[in-house]
Amino acid sequence: MADEITLTLRTTSPTASCPSCGTQSSRIQSRYTRKLHDLPSGGRPVHLIMHVRRFFCKKRTCAQKMFTERLPELCRPHAQRTKRLQKALCQLGLTAGGQAGTDLGSELGLSGSRDTILRLVRQHQQPDPPKSRIVGVDDWAWKRRLRYGTLICDLERGLPIELCKWKEKVAAFGRNAGRFLPHIARKETLPITNSEEILAVIPN
Ligand SMILES: [Zn+2]
């Protein structure tokens, strides 16, 4: 494509550190080229041709005899896009969705298919929610005396934390299940992952 911009880059550091043991090495084993898509410039797609080096690890006891130099600020290992392009595509996916994000990205010169955008959205790490201080526990019967479920919610923020399936054990406690749920939860390792302490239990 005539409008594309291609940049050829090479690293200038004389050494690289082994990703397994951290030892610095200057013994180059081989070189190869790697192509990356980057953010567009002036509406024109940008491609990077990276000259990357493989090194021998100098540490005798290291299991990794050879390694490829890492470029952690630019891209992840084996990625076809730079981190900043991945971030832009992910934001498109989070804001507009898969297909609409792809269409909008195409207008903006961002290279990424619908599947790529959806994969980046799935890999997107949501920040950990704040710890819950006051937790409400409520249970309901999917099928009376047979199948019960439990809803655990953050009472301060009014948000659900976990939706759990319970069967015979909760049923055995009957209408007093709410009183015993924290004990059952500890015993059964109920995943109340962001709750430091149950301060309030609201039974039926
Ligand atoms: Zn090593």
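Only the coordinates and a few stated rules stand behind these numbers; no lab work does. Owing to the predicted nature of the structure, the values given are computational and were not obtained by experimental measurement. All Cβ positions, glycine included, derive from the backbone under ideal geometry; neighbour counts span all protein chains shown.
For every other residue with a beta carbon closer than 14 angstrom to the beta carbon of residue 31, add +1 if it is Lys or Arg and -1 if Asp or Glu, then tell me the sum.
Cβ neighbours under 14 Å give a net charge of +4.
Of the options 41, 14, 24, report the single residue whose Cα projects farthest towards the positive end of the charge dipole of region 1-73 (beta-carbon charges: Lys, Arg +1; Asp, Glu -1).
Result: 24.
Please report, in Å, the Rg and the Dmax of region 81-126, where both are computed over Cα atoms only.
In Å, with Rg to one decimal and Dmax whole: 9.0, 27.
Please compute the net charge surrounding residue 153, taking Lys and Arg as +1 and Asp and Glu as -1 over other residues with Cβ under 9 Å from its Cβ.
Net of charged neighbours comes to -2.
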